Amino acid sequence: MPADLTMRRTVIGGETAQDDYIVIWDELTIGRIFRSIGVGGAQTWSWSVSLPNVPQPSTHRGRASSLDAAKASFRGAWSDLQAKVGYEEIKAAREIQARRRPWHR
């Protein structure tokens, strides 16, 4: 991911999940990219861009054939979301994230 987006391994129930990442922008969790099973058992990568206080259109989530393709799709969806939200939505998302329990971070 470019320097302004960071991927960190997802931790679920205290365990680090393999091939599962949260995506962070300016210390704010903005989505997730993870390996999943697609149609017919094929390996695929799922991705989703979201803020907790902003409705998520279907164009802000999807599947890709590789991690690099998932990152590229994620980047495009994040750019689209950034163009649609303002300071107040980002501020509210930060407040929501701060209130979440520690195991969600």
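The values are calculated or read from the model by the stated rules, or taken from the named source; none is laboratory data. Computed from a predicted structure; not experimentally measured. Because the Cβ atoms are built from the backbone with ideal geometry, glycine has one as well, and the counts that use them run over all protein chains shown. Note: areas computed on protein heavy atoms with side chains; ligands, DNA, RNA excluded. Shrake-Rupley method; radii C 1.70, N 1.55, O 1.52, S 1.80 Å.
Overview of results
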| item | result |
| --- | --- |
| Furthest towards positive pole of dipole, A92, A70, T6, structure part the chain, Cβ charges | A92 |
| Overall form of the chain per C-alpha gyration tensor (a/c, 1.5; a/b vs b/c) | oblate |
| Under Karplus coefficients 6.51, -1.76 and 1.60, residue-wise ³J(HN,Hα) of the range 44-57 in Hz, glycine/proline x | 9, 10, 9, 9, 7, 10, 7, 10, x, 10, 10, x, 9, x |
| Cα convex hull volume per residue for the range 51-101 (Å³) | 94 |
| Cα-Cα P(r), the range 1-60, percent of pairs per 10 Å interval | 21, 45, 31, 3 |
| Separation of the R63 and I96 label points, Cα + 7 Å toward Cβ, nm | 2.6 |
| Solvent-accessible surface ranking, highest first, for D19, D68 at 1.4 angstrom | D68, D19 |
| Extended-chain gain in nm, criterion 0.36 nm per residue less alpha-carbon gap, Y87 and Q18 | 21.5 nm |
| Other-chain or far-sequence residues with amide H under 5 Å of T10's (modelled H) | A17, D20, Y21, I22 |
| Residue-by-residue Karplus 3J(HN,Hα) for the range 35-41, coefficients 6.51, -1.76, 1.60, Hz, glycine and proline x | 7, 9, 9, x, 4, x, x |
| Rounded tilt (10° steps) of 87-99 against the dominant C-alpha axis of the chain | 70 |
| Crossing angle, helix 67-84 versus the chain [Cα axis fit, 0-90 degrees, rounded to tens] | 20 |
